[in-house]
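**Q** For reference, the structure I am asking about is given below.
The values are calculated or read from the model by the stated rules, or taken from the named source; none is laboratory data. None of these values were measured; they are calculated from a predicted model. Heads up, the Cβs are rebuilt from the backbone with ideal geometry, glycines too, and the neighbour counts pull from every protein chain shown.
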Amino acid sequence: MTGLWRNIRAVIAAIIVGVLFLHEGSSSASAEDKWPSRPVTLIVPVGPGTITDIIGRLLADRLKDALGQPFVVENRPGAGATIGARYVARAAPDGYTLLAGGNTTHSSVPALFKIPPYDPVTDFTPIARVGLLGQFFAANPQQPFRTIQEMVAYAKANPGRLSFGHGNASGQIVGETLKYRLGINLIRVPYASNPTALTDLLSNSIQLTSIDYAAGVPLAKAGRVIPLAVFTKSRYSRLPDVPTLDETVLPGFKLAPWVGLFGPPNLPEEIVARLSDTLGKFLSDPAFIASLRQLGPEPYYLPAGPFTVFVKDDIKVWTEHAHIAGIEPQ
């Protein structure tokens with residue numbers, strides 16, 4: 001009889017364990033199905049006022065309305081945008097910590113860091129690309145040149161007299177490419193973010209820097225900065241008189257910074273799909289497209305799958321640019 005009761009207790013215990021297991025699995029699945037059930041943190045790895053910050057806040061506002069939970073922007077700038085990116089790379093893959101990243105956090109990292117702070121491919125889950133970012137190389141208006149050709153001539157005649165500031169990878173690569181390919185002596189001044197570099201440009205503490213369209217176009221039209229050349233292959237519609245680097249001093253040069261949404265590694269496919277699809281709907285909405293273009297970026301949606309391929313391929317592009325510019329990883 002004792003043995004019988006022992007067997008009965010074992011069967012009951014097994015049933016209880018099974019019920020608990022099913023309940024736990026059901027709760028886990030239910031929690032995932034209900035994502036998001038609380039506020040989501042969107043890490044912006046550069047300072048407030050940058051174009052990535054502005055786009056991040058635009059996306060956060062739209063995602064809140066679309067998904068029913070607050071998306072809270074948190075700026076974590078520094079170390080070439082890698083501090084904020086590394087924070088997301090180490091976050092729990094539950095969908096509550098995301099990254100507004102781009103070429104600075106991903107494409108350029110292997111080329112600029114001897115020991116990268118993370119792997120831009122394996123340490124993240126690409127969700128979607130949302131746009132291409134336009135930038136131009138600009139000068140302080142107190143300088144005695146008004147075109148990129150005149151700047152190069154002045155730099156050659158006055159080696160070491162001009163300094164260029166950069167708050168992101170594209171600005172660094174453009175400045176170093178000009179130095180390396182044209183044989184001019186520009187002093188490089190790194191900044192934590194573009195707005196700080198822009199402040200020093202306006203005060204003439206530095207003479208050159210790269211500026212995104214959102215911040216730069218109003219300043220150019222007001223005469224507070226001199227736009228010298230845009231980075232892309234074609235001219236920008238709101239600055240039609242500003243030439244490209246390709247058509248002036250750097251034939252064949254084009255650089256296309258971009259922005260997209262990432263999660264930590266192993267983010268559940270259901271969450272990735274929901275976010276990617278939601279962003280795709282935004283980028284088919286004429287009102288959202290108009291809002292994005294007003295800021296400067298060109299809408300350019302890639303869903304999760306193609307975006308993953310793009311991130312891998314773009315690393316090769318930026319590595320080649322850095323190599324041509326003679327940049328040594330630090």
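**Q** May I ask you to say which residue of Pro195, Pro257 is within 29 Å of Phe71 (Cβ to Cβ), surrounded by 24 or more Cβ atoms within 10 Å (Cβ to Cβ) and at pLDDT below 95?
**A** On inspection, the qualifying residue turns out to be Pro257.
**Q** Cβ-Cβ distance below 7 Å, separation of 6 or more or different chains: which pairs start in the stretch 100-112 with a residue that is within 16 Å of Asp212 (Cα to Cα) and assigned by TED's automatic domain parsing to the domain that holds Ile55 and end on one that is of a type in the set (Asp, Glu) and part of a helix (DSSP H, G or I)?
**A** Asn103/Asp314
**Q** Could you tell me which numbered condition Ala273 fails, if it satisfies all but one of (1) small (Gly, Ala, Ser); (2) within 30 Å of Met151 (Cα to Cα); (3) not assigned by TED's automatic domain parsing to the domain that holds Val174?
**A** Answer for Ala273: the failing condition is (2).
**Q** Taking the condition of a type in the set (Phe, Trp, Tyr), without any contact (Cβ under 8 Å) to a residue 12 or more places away in the chain, on the phi < 0 side of the Ramachandran plot and surrounded by fewer than 18 Cβ atoms within 10 Å (Cβ to Cβ), does Tyr154 pass?
**A** Numbers: of a type in the set (Phe, Trp, Tyr): yes; without any contact (Cβ under 8 Å) to a residue 12 or more places away in the chain: yes; on the phi < 0 side of the Ramachandran plot: yes; surrounded by fewer than 18 Cβ atoms within 10 Å (Cβ to Cβ): yes.
For Tyr154, the condition - of a type in the set (Phe, Trp, Tyr), without any contact (Cβ under 8 Å) to a residue 12 or more places away in the chain, on the phi < 0 side of the Ramachandran plot and surrounded by fewer than 18 Cβ atoms within 10 Å (Cβ to Cβ) - is met.
**Q** Another question, then. Of the residues Ile211, Ile187, only one is surrounded by 24 or more Cβ atoms within 10 Å (Cβ to Cβ) and either at negative phi or more than 19 Å from the chain's Cα centre (by Cα) (or both); which?
**A** Working: Ile187 fails: surrounded by 24 or more Cβ atoms within 10 Å (Cβ to Cβ).
After ruling out the rest, the residue left standing is Ile211.
**Q** Go through the stretch 278-305 and report how many residues are in a helix (DSSP H, G or I) and either closer than 12 Å to Gly260 by Cα or in contact (Cβ under 8 Å) with a residue 40 or more places away in the chain (or both).
**A** 10
**Q** Take the residues in the stretch 34-55 that are in a helix (DSSP H, G or I) and in contact with a helix residue (DSSP H, G or I) (Cβ under 8 Å, 6 or more places away or on another chain); name whichever of them is surrounded by the fewest Cβ atoms within 10 Å (Cβ to Cβ).
**A** The residue in question is Ile54.
**Q** With Val272, Val225 as the choices, which residue is buried (at least 18 other Cβ atoms within 10 Å of the Cβ) and over 23 Å from the mean Cα position of the chain (by Cα)?
**A** So the residue among Val272, Val225 that is buried (at least 18 other Cβ atoms within 10 Å of the Cβ) and over 23 Å from the mean Cα position of the chain (by Cα) is Val225.
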